[in-house]
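This report concerns only the one structure given below.
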Amino acid sequence: MTNLAIELPGLSLKNPVMPASGCFGFGREYATFYNLNKLGAVIMKAATMQERLGNPTPRVAETASGMLNAIGLQNPGVTKIIETEVPFLSQFNTNIIANIAGSSLEEYVEVARAFNETDQVHALELNISCPNVKEGGLQFGTDPLMAARVTEAVKKSTNLPVYVKLSPNVSDIVQIAKAVEAAGADGLSMINTLTGMQIHLPSRRPLIANKTGGLSGPAIKPIAIRMIYEVSSQVNIPIIGMGGIQRAEDVLEFLLAGASAVAIGTANFQNPFICADIIDDLPRVLKQYGFNSVREAIGKGIVA
Amino acid sequence: MMKREKMRIVSTRVIAKETIEMVLENKWISTHASPGQFLHIQIGSHTLRRPISIADCNHVTNEITILFKITGDGTRHLGEYQVGNYLDVLGPIGNGFPTNITAQSTVLLVGGGIGVPPLYFLGKFLKENGINIKAVLGFQGEDHVFYEPNFRELGETIIVTNDGSYGEKGYVTDVLENNLAFDYYYSCGPTPMLRSLISVLKGKKGYISLEERMGCGVGACLACILPAKNERGYKKICSDGPVFNVEEVTI
Ligand SMILES: Cc1cc2nc3c(=O)[nH]c(=O)nc-3n(C[C@H](O)[C@H](O)[C@H](O)COP(=O)(O)OP(=O)(O)OC[C@H]3O[C@@H](n4cnc5c(N)ncnc54)[C@H](O)[C@@H]3O)c2cc1C
Ligand SMILES: Cc1cc2nc3c(=O)[nH]c(=O)nc-3n(C[C@H](O)[C@H](O)[C@H](O)COP(=O)(O)O)c2cc1C
């Protein structure tokens, strides 16, 4: 029997697979396709203090092997999420990770505190990397000092483990990773989307109403692998890897690069069963490449 | 309720300029489809599925008809699929047109271009339930016209072309003045057409089917939202729509 289980700070995962933030809502829609008990964890859509209505449409565009999105962190606000969405997800035998966002340091802290009051959330994913909102988000994720400050402030306001979600829109990701580790991060989550643009020929205008959007899907997988590879050997905290995962072989590639678990985003749109399918197929792939457990494969691709 | 299903292509043919009619077989989808719903179709390895309306449904043969216009890579590729190939489809999706209206009422169907297909399934369904049908269908020009005989079987049908090459010349709204004897109007077409329709038919009860670029198609990703006058402040086109009462949305 291949052992898929993995222990991370705050998370006792039966398998390393979870849907990525923003690509699975709060699980309700996908729960009509399969039983969410199957999942290692669920990462919820970003939560902000107040409700956010997000950006104007169009919000998505297709690209070669990927897509752009500029949803703009639309969510009903942390109070509603705790009242109505967390209890829904709690019915399932899985871990719940709350993705938190904000436009100021104070907002991150407030949202983190709110989740700390519930006993149903197992970890926080600190989103300092959303490219689709005017203020906040990305500004925290591209400056090591700001990244460290918000990590420290959030850590002080919660007992939950904090996974900091890094932006790939930087020239030196290792520097940011080390800064948030020093500031107390329990883990890293990487990568968020890369800022991109598409111009619509008939209108001669950017297709996405927000002009720019975040690129996700298979197109970004090599970037995610490279960044996780670079970071994993420089930090001592675990990484939840994501970016373009479409099949169980991709999961193994992320593990080899140094990720301890993975999240799957865009691929849910093509195949609503993708997380479940990958969980079923993972033992076969691990075995084929000579591993008896997920744990064994972590970091095995790193060349000294 | 939607499912992920395989649909076998029974036939595919060009029925107007850059317009393809495809008949697909699948019992679950044909059993559950209602007018105004759509299919979210996986085409090759495209990252995103393509939403296409259900244009007809046959409960005896378990067949669903779709009509689509070749407007880009995805629809071009879909047009190359052959009879016997299978499509990976999520469906039927969405809340369609309300069909529980009093028998003997008159419904006006207003379609523009590739917005016409869902109105055929709707018109057929309503007619079977004793509703009187009138249709005003707008196309760019003669080469683009399709399903005229099908709609004539349902009721009085007026064809309008922008360039006057067939039927009346102009826009669908140009011929409405003399055709205001109806109880409800149901429409699907380009947003500018829907906008002028709503203003010309102000005060009338109407339902419109809307389009927006979609991600998941199941209500999770919040790509295809629309500002609305409800408590949340928005509606999702894929799962709350694609059909809306003209009173509940702002376009
Ligand atoms: C609910 C609904 C029902 C529809 N029903 C029909 C139908 O019955 N027949 C038909 O021909 N067309 C229909 N459309 C429009 C159809 O989805 C697009 O024409 C098609 O997705 C274009 O794909 P493409 O790859 O050829 O074009 P591209 O322009 O290359 O597509 C690029 C991306 O933009 C999206 N996109 C482009 N145009 C539209 C559009 N008008 N609406 C939504 N997404 C778009 C595509 O899905 C894709 O993700 C419907 C759209 C919606 C939302
Ligand atoms: C439509 C969409 C919405 C997203 N929303 C969020 C979000 O709210 N918070 C966040 O941290 N990441 C968000 N992301 C980023 C994903 O969680 C993930 O990091 C990224 O898409 C890369 O993974 P993928 O290639 O598997 O999609 C979103 C991505 C998409 C495509």
Output for region B:163-176, where each listed residue is closer than 12 Å to B:Leu137 by Cβ and over 19 Å from the mean Cα position of the chain (by Cα): B:Tyr166, B:Gly167, B:Glu168, B:Val175
Residue that is out of contact with any Cys (no Cβ under 7 Å at 6 or more places or on another chain), at pLDDT 95 or above, more than 14 Å from chain A (Cβ to nearest Cβ) and more than 25 Å from B:Gly138 (Cα to Cα), where the choices are B:Val110, B:Val14, B:Val83: B:Val83
Qualifying residue in region A:33-43 (condition: within 20 Å of A:Leu194 (Cα to Cα) and at pLDDT 95 or above): yes
Residue ID - farthest from the other protein chains (Cβ to nearest Cβ), chosen from residues in region A:31-60 that are within 15 Å of B:Lys236 (Cβ to Cβ) and outside any loop (DSSP other than H, G, I, E, B): A:Thr32
Filter result (within 14 Å of chain B (Cβ to nearest Cβ) and either away from ligand 1 (no atom under 16 Å from the Cβ) or in contact with an Asp or Glu (Cβ under 7 Å, 6 or more places away or on another chain) (or both)) within region A:180-196: A:Thr193
A:Ala185 within 17 Å of the chain's Cα centre (by Cα) and assigned to a helix (DSSP H, G or I): no
Options B:Gln37, B:Gln42: the member that is within 14 Å of chain A (Cβ to nearest Cβ), of a type in the set (S, T, N, Q) and either in contact (Cβ under 8 Å) with a residue 40 or more places away in the chain or surrounded by 22 or more Cβ atoms within 10 Å (Cβ to Cβ) (or both): B:Gln42
Residue in region A:8-18 that is within 28 Å of B:Glu212 (Cα to Cα) and either within 11 Å of chain B (Cβ to nearest Cβ) or among the basic types (Lys, Arg) (or both) present: no
Whichever residue in region B:17-34 is more than 17 Å from B:His59 (Cβ to Cβ) and buried (at least 18 other Cβ atoms within 10 Å of the Cβ) and, among such residues, is farthest from the other protein chains (Cβ to nearest Cβ): B:Glu21
Residue count, region A:61-106 (criterion: outside any loop (DSSP other than H, G, I, E, B), of a type outside the set (A, V, I, L, M, F, W, C) and surrounded by fewer than 20 Cβ atoms within 10 Å (Cβ to Cβ)): 8
Yes/no for B:Val160 being surrounded by 19 or more Cβ atoms within 10 Å (Cβ to Cβ) and touching an Asp or Glu at 6+ places or on another chain (Cβ under 7 Å): yes
Test for B:Gln82: is it over 24 Å from B:Ile131 (Cα atoms) and not in a strand (DSSP E or B): yes
Sole exception among (1) away from chain A (no Cβ under 14 Å); (2) near ligand 1 (Cβ under 8 Å from one of its atoms); (3) farther than 23 Å from B:Leu126 by Cβ for B:Arg76, by number: (1)
Residues located in region B:242-251, provided they are surrounded by 23 or more Cβ atoms within 10 Å (Cβ to Cβ) and farther than 18 Å from A:Pro56 by Cα: B:Val243
Looking only at region A:18-52, and only at residues there that are among the small types (Gly, Ala, Ser) and out of contact with any Lys or Arg (no Cβ under 7 Å at 6 or more places or on another chain), the one that is surrounded by the most Cβ atoms within 10 Å (Cβ to Cβ): A:Ala47
Strands (runs of 3 or more DSSP E) wholly inside region A:196-304 containing at least 1 residues that are within 22 Å of A:Asn3 (Cβ to Cβ): A:239-242, A:261-264
Any hit, region B:189-203, residues being touching a Cys at 6+ places or on another chain (Cβ under 9 Å) and closer than 29 Å to B:Thr47 by Cα: no
Tally, over region B:45-66, of residues that are assigned to a strand (DSSP E or B), within 14 Å of chain A (Cβ to nearest Cβ) and aliphatic (A, V, I, L, M): 0
First in region A:218-240 and within 14 Å of chain B (Cβ to nearest Cβ), second anywhere and within 16 Å of ligand 1 (Cβ to nearest atom), Cβ under 7 Å, 6 or more apart: A:Pro218/A:Ser65; A:Pro218/A:Gly66; A:Ala219/A:Thr63; A:Ala219/A:Ala64; A:Ala219/A:Ser65; A:Ala219/A:Gly66; A:Ile220/A:Gly66
Meets criteria (in a strand (DSSP E or B), within 13 Å of B:Tyr186 (Cβ to Cβ) and within 16 Å of ligand 1 (Cβ to nearest atom)) for B:Gly91: no
Sole residue being surrounded by fewer than 24 Cβ atoms within 10 Å (Cβ to Cβ), more than 14 Å from every other protein chain (Cβ to nearest Cβ) and closer than 26 Å to B:Leu48 by Cα, chosen from A:Leu286, A:Leu252, A:Leu256: A:Leu252
Region A:197-213, subset under 22 Å from A:Ser171 (Cα atoms) and within 16 Å of ligand 1 (Cβ to nearest atom), residue farthest from the other protein chains (Cβ to nearest Cβ): A:Met197
Positions within region A:61-112 being within 14 Å of chain B (Cβ to nearest Cβ) and more than 16 Å from ligand 2 (Cβ to nearest atom), in sequence order: A:Thr84, A:Phe88
Residues within region B:196-235 that are within 13 Å of B:Phe38 (Cβ to Cβ) and more than 8 Å from every other protein chain (Cβ to nearest Cβ), tallied: 3
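The values are calculated or read from the model by the stated rules, or taken from the named source; none is laboratory data. Given the structure is predicted, the values throughout are model-derived calculations rather than measurements. FYI the Cβ positions are ideal-geometry reconstructions off the backbone, even for glycines, and counts take in every protein chain you see.
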